[in-house]
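Before any comments, here is the structure.
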């Protein structure tokens, strides 16, 4: 049987399973589209620890390290690329104001707003793919010349989706108007940041703890607001 199945990849496999469940829930015609966001946050939690757990195995071979890089990025594409796009699709489905917003352009030849939003979904997923492929290639090259973990990322890490999109959805319970277009605006900006040359310092343990606490706070607030519905 091919593949690696030891504890170094368990969280990565779990993240993929959670993201698939989130996609299925988001695409259901019945049910709240925001439920998918809980699976997104759970995937973010898995990603926060999978690399640290993998590095505890001191005798990992080069093959195991390369496999870990590839499988992590493949899982991230589904969790932080496809899942947010499916959540966006669910928001289009239930948005009460989409049909009331004028099309882009003038007259009969204006581009329907829904088409523009679906283009953003495709663009976002595509830039997630590009960002992860770029990371894989550069990380493999870096490991050939350096030891230890990298200190900086080029471009916004796709895992930031696990914090950014829940924050956007929380706005729905602060702002009285529908925030579907805000979600897509943020998605478009993130798509551009994924493939930018922006240098971002890799979070260390303290910063990681802060992000986990922020995610936990978002989880609690979203749970409370949804239970009140």
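Brief remarks on what is shown
- Remark: relative contact order (segment 4-46) = 42 percent; criterion is Cα-Cα distance under 8 angstrom and separation of 6 or more residues.
- The label point for residue 207 and the one for residue 144, both projected 7 Å from the Cα toward the Cβ, are 2.8 nm apart.
- Angle in degrees between helix 83-94 and the longest Cα principal axis of the chain, rounded to the nearest 10: 10 degrees
- Taking the longest Cα principal axis of the chain as reference, the axis of helix 113-145 is set at about 10 degrees.
- For P(r) over Cα pairs in 10 Å bins from 0, in percent, the value calculated from this model appears in [x] 7, 30, 35, 19, 7, 2, 0; [y] 8, 35, 41, 15, 1; [z] 7, 28, 37, 23, 5, 0 under label [x].
- Sequence ranges 73-83, 169-179, ranked by mean other-Cβ count within 10 angstrom, highest first: 73-83, 169-179
- As a rough guide to protection, the peptides 191-197, 135-141 ranked by mean Cβ packing within 10 Å, highest first, stand as 191-197, 135-141.
- Each of 119, 35 was scored by other Cβ atoms within 10 Å of its Cβ. Listed from fewest to most, they are 119, 35.
- Rounded to 10°, Cα long-axis angle of helix 180-194 versus longest principal axis of the chain: 30 degrees
- Sorted by Cβ density within 10 Å, fewest first, the residues 25, 116, 210: 210, 116, 25
Each reported figure results from applying straightforward, stated rules to the coordinates on display, with no laboratory input. Predicted model only: the values in this text are computed from it and were never measured. Reconstructed Cβ throughout: ideal geometry from the backbone, glycine too, with neighbour counts over all protein chains shown.
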